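Just so it is clear, none of the values below were taken in a lab; they were calculated from the coordinates. The structure displayed is predicted, hence computed values, not measured ones. Because the Cβ atoms are built from the backbone with ideal geometry, glycine has one as well, and the counts that use them run over all protein chains shown.
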């Protein structure tokens with residue numbers, strides 16, 4: 001390459017106006033053994049740029065940990081949470097379901113269950129009214145028992161008479 | 001995303017991340033730590049990686065921010081030992097040797113540039129990014145980037161010509 005054009009490029013280079021292609025031309029030019037003495041400082045610069053790029057390499061290994069074990073731990077925690085939440089909602093949260101949300105089959109089952117409960121309920125009421133009659137009877141019974149009290153007084157008196165009679169018969173025999 | 005998928009995705013630019021980190025943090029060990037940190041951060045967010053339009057530019061921005069934070073916390077934590085702290089006034093033999101090895105000298109000169117210029121020069125002259133990509137990483141407009149780049153290039157060459165002429169910095 002003509003020295004003249006190189007010098008022009010260098011001027012542009014110093015002002016930060018060269019393109020990457022032009023800079024590559026310069027690098028290639030200064031990579032050769034001999035350059036004009038007044039361009040010696042440029043040669044040092046471009047040589048340095050070339051060598052650092054080739055020699056300064058990152059050769060260490062980076063320990064890339066896949067954090068699977070951690071993820072599994074968290075999954076188990078999440079699973080436990082979901083499970084307990086599920087149990088909780090089935091235990092306490094069922095009444096939140098409205099009738100309209102059920103499927104047809106479920107609605108049928110629900111209706112049947114309600115009917116059965118109603119039946120049991122009505123029988124229970126009947127039984128209860130029967131029990132009321134017993135209550136009345138026991139009332140009457142205690143009333144009757146009170147009325148027996150004078151009769152008991154009678155029996156006392158007759159016992160006394162009987163005793164004295166026995167005594168009389170004993171003494172007459174003697 | 002499996003580990004091999006991730007490695008394939010990251011492979012094209014992991015060296016660039018490392019070089020940028022090294023440019024800013026200087027020490028090789030520090031740069032390796034930073035690179036590992038960046039790659040692990042990407043791996044942690046691997047679900048989101050598909051959403052990024054330009055993963056490389058994103059990673060470079062992350063690297064830049066990470067390293068600048070690192071430098072800031074270091075300066076706050078302990079006294080930073082810079083060359084000026086123990087520089088001798090007369091030219092030592094060591095320096096003359098260094099000056100002769102001028103390719104190494106370039107990296108020392110870049111070390112003294114302001115952080116912003118370091119990043120831009122690194123991305124342009126070593127990684128050959130175009131100005132739009134650099135704009136994404138440093139969050140500056142292309143004109144400002146050109147100016148910073150021009151300053152950095154001129155400073156390096158000035159210091160290099162001085163070295164050549166006098167054999168000292």
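Extension gain, residue A:165 to residue A:40: 0.36 nm times the residue separation minus the Cα-Cα distance gives 28.4 nm. For the residues of A:49-61, the average number of beta carbons from a partner chain within 10 Å of their own beta carbon is 6. Note that chain A, at 10 °C in a medium of 1.306 mPa s, gets a Stokes-Einstein diffusion coefficient of 52 µm²/s from its Kirkwood radius over C-alpha pairs. For chain A, the 222 nm mean residue ellipticity estimated from helices alone, with every DSSP H stretch of n ≥ 4 adding -39500 (n - 2.57) and the total spread over all residues, rounds to -27000 deg cm²/dmol. Distance between the pseudo-spin-label points of residue A:103 and residue B:61 (7 Å out from Cα toward the beta carbon): 5.4 nm. The GNM of chain A, with springs linking C-alpha atoms under 10 angstrom apart, assigns the highest mean-square fluctuation among A:128, A:106, A:17 to A:17.
Helix A:40-55 and the longest principal axis of the C-alpha atoms of chain A enclose an angle of approximately 30°. Taking the inverse of the mean reciprocal distance over all distinct Cα pairs, the Kirkwood hydrodynamic radius of region A:2-54 comes to 11.2 Å. Taking the square roots of 5 times each eigenvalue of the Cα gyration tensor of region B:1-64, largest first, gives ellipsoid semi-axes of 21, 12, 9 Å. Relative to the longest principal axis of the Cα atoms of chain A, helix A:20-31 runs at roughly 60 degrees.
Under a Gaussian network description of chain A, with springs only between Cα atoms under 10 Å, the residue in A:135, A:16, A:86 that fluctuates furthest is A:16. When Rg and the Kirkwood Rh are both derived from Cα coordinates, the Rg/Rh ratio for region A:71-164 amounts to 1.58. Taking the C-alpha atoms only, the angle from helix A:104-147 to the longest principal axis of chain A is near 30 degrees.
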